[in-house]
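The values are calculated or read from the model by the stated rules, or taken from the named source; none is laboratory data. None of the values given here were measured: they were computed from a predicted structure. A quick note on method: Cβ atoms are made from the backbone with ideal geometry, for glycine too, and the neighbour counts reach across all protein chains shown.
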Amino acid sequence: MTFGAVCSACGSHFVVNDGGGFSFEILRCDACGRERTILHSEIGELHAAFETAWRERSEDAGRKKRTKHVRTQKPRPGLSLEEEYQTKLTEFAGPCSCGGRFSSQAPIRCPDCGSRKFREDPAEPSILYD
Ligand SMILES: [Zn+2]
Ligand SMILES: [Zn+2]
């Protein structure tokens, strides 16, 4: 998802890309908010391995639906698949030039002042008029 935003602190207009897509992941620096896009083709084997694991897990969950439990997930030792995948993405992305680390959970920040407060810009998101 891409949308235009206006910083509530400094009034700067910027474009936010949020969430990954079918062919890429978007990570953000947890310190400065810089975006890092990782194509699935860049992480081919890693992504394929997790996709297989996710599919197996959901097939597992499908089978268990017969017992009327509503998504009771056994607590697992260690990281969940999703967390493990995110950790690998962070490792792959490497450190940001500011020293922060990239994460898909990092908050969106204004690229000018680093504020986390912004509102959606109702104007055309990708074209900025002064
Ligand atoms: Zn700002
Ligand atoms: Zn950074």
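So here's what we get for this one:
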| read-out | value |
| --- | --- |
| Search result, residues across the stretch 79-97 that are modelled with pLDDT under 95 and of a type in the set (G, A, S) | S80 |
| Sole exception among (1) within 29 Å of F118 (Cα to Cα); (2) modelled with pLDDT under 90 for R76, by number | (1) |
| Count of the stretch 101-114 residues which are in contact with a Pro (Cβ under 7 Å, 6 or more places away or on another chain) and more than 17 Å from I26 (Cβ to Cβ) | 0 |
| Matching residues in the stretch 8-23 - criterion: being surrounded by 12 or more Cβ atoms within 10 Å (Cβ to Cβ) and closer than 28 Å to L89 by Cα | F14, V15, V16, N17, D18, G20, G21 |
| Residue that is farthest from ligand 2 (Cβ to nearest atom) [pool: residues in the stretch 90-100 that are surrounded by 15 or more Cβ atoms within 10 Å (Cβ to Cβ) and under 15 Å from E25 (Cα atoms)] | F92 |
| Elements of type strands (runs of 3 or more DSSP E) in the stretch 1-65, at least 2 residues being within 16 Å of ligand 2 (Cβ to nearest atom) | 13-17, 24-29, 35-39 |
| Residue pairs meeting the criteria (Cβ under 7 Å; at least 6 apart or on separate chains; first closer than 18 Å to R101 by Cα, in the stretch 30-49; second acidic (D, E) and away from ligand 2 (no atom under 16 Å from the Cβ)) | I38/E25 |
